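What follows is a set of notes on a single structure, which appears directly below.
Values in this text are rule-based calculations from the coordinates and carry no lab data. These numbers come from a predicted model, not from an experiment. Cβ placement follows ideal geometry from the backbone for every residue including glycine, while neighbour counts extend to all protein chains displayed.
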Amino acid sequence: MTDVAADRPTEKILIADLPPGREVTTYFVAIDVEPATDRNGRSFLRSKLRDASGEVKAIHFDADDRVVAELRSGDVVKVTGTYSVHDKYGEQFQVKRLRVMEPGEYDLGTLVPVSPVPLDELVSRLRALVASVRSPSLHALLARALDPALEPGATFAVVPAAVRNHHAYRHGLLEHSLIVAEVAAAVAERFPSVNRDLTVTGALLHDIGKVSSYSADPMAPGFTDIGRLHGEIVIGHDIVRGLVEQVPGFPDELATQLRHIVISHHGEREKGSPVTPATREAVIVHFCDDMTARLAAVDEIAARTADGARWSAWCNMLAGYTYLAPASDGAAAAAPETVAEPDAAAEPVAEPEDPVAETGDPVADTEDPVTEPEPVAEPEPVAEPDAKTGDPVTETVAEPEDPIAEAAAEPREPGAAPDPGESLF
């Protein structure tokens, strides 16, 4: 399948290094591939292009019919096209030519986003935190749950923490769960009335449902069928209940409160939690989860922002732009910078009118749909996923119109999962 003429050796250009305004030929993983048709019946492709440095939305007009019919999410594609960045709409790539590549034609290590924290460091910190849990029941539960030789521990160390916006890369769930638990432990230690061990255990397992709701295939990230049908909170509750049953003599009250942390950690019913936090420990886990995810999103968007820029592009998790100017003590105050309005003449190439929205997870993480003029009447789109978790919500926060959209994570080096034969604890 191809619509690229005579091939020549392909240089790999990372998304983070794409030169704006210049036509390039390179390769990426194509994900979220969506054939569409404009009002005149012309076919085109919407997709995202991804590699180890991030993700960018793309559109391919006048694609070969075979490309439209056969291209699948997870295919590695050689593309020729132009990358651009707009103040209001962000990053985008307009594809002119495309073909699917064969294994051996590309360097896999350049395509898979991986946590910036070395895996050995994450595992070492996880061991130390689990060792600090003194409750025999909770310690035994964590040792079983996070054992890399068994499920869910083997997948826990590999899958991302979200489809987009924060920790959306290999080992992301491990990294996110660990930092939430470390921060929650520090908070719990300041309050004598809080059960620290329960807080740490709930924080480490709050997103355990993502081992089944997100794909572990690095070439085709996204939601699984069970993830869309049940949602990560329901899945997580079921996993924790099953793990508790494997620990002899696990106290019923402790199990009830642990499962409450899992099902309430989104904080609001509108964000997918069937109940709101009703214990001290659940309150701590919810706010530490929300805070650390937002900070991670800011760090990731800052890494994609030009050096010296005072404002980032649109940040979904903050529902606005992020102010990045340093706040150094004693330095001369810089004059306030006037933020220019987007240049109408620099508007990106408009996508054919098509109101079909992106599909996300069935219970919360939102990237708001694009508003397009005079849409053709179609069935209502599936609810968008929540900006933090990937689960569907009933309401979304509107962001600027974006015909092709925003990129994701910073450059990474690929890593490997822990040795399945090695015990963490």
query: Mind listing the phi-derived Karplus ³J(HN,Hα) values for the stretch 129-142, rounded to whole Hz, using 6.51, -1.76 and 1.60 with θ = phi - 60°, and x for any glycine or proline?
result: 5, 5, 4, 7, 7, 8, 4, x, 5, 5, 5, 5, 5, 5
task: Can you tell me the order of 216-226, 13-23, 168-178 when each peptide is scored by its average per-residue count of other Cβ atoms within 10 angstrom, highest first?
output: 168-178, 216-226, 13-23
- request: Assuming a ≥ b ≥ c are the square roots of the Cα gyration tensor eigenvalues, decide whether the stretch 119-300 counts as rounded (a/c under 1.5), prolate (otherwise, with a/b larger than b/c) or oblate.
  value: rounded
- request: Enumerate the amide H contacts of Gly222 below 5 Å, restricted to partners 5 or more residues apart or on another chain; note that Pro and chain-start residues carry no placed amide H.
  value: Ser215
field: Burial ranking of peptide ranges 109-119, 229-239 (average Cβ count within 10 Å, highest at the top)
entry: 229-239, 109-119
- prompt: Between Leu150 and Ala319, what length in nm is gained on full extension when 0.36 nm per residue of separation is reduced by their alpha carbon distance?
  reply: 57.0 nm
task: Mind ranking 50-62, 271-283, 66-78, 316-328 by how tightly packed they are, going by the mean number of other C-beta atoms within 10 angstrom, highest first?
output: 50-62, 271-283, 66-78, 316-328
task: Quick one: work out the % antiparallel among DSSP beta bridges in the stretch 15-110, nearest 5.
output: 90
- prompt: What's the local net charge at Thr82, with K and R +1, D and E -1, over the other residues with C-beta under 14 Å away?
  reply: +2
message: Between Leu108 and Asp217, what is the label-point separation in nm under the 7 Å Cα-to-beta-carbon projection?
response: 1.4
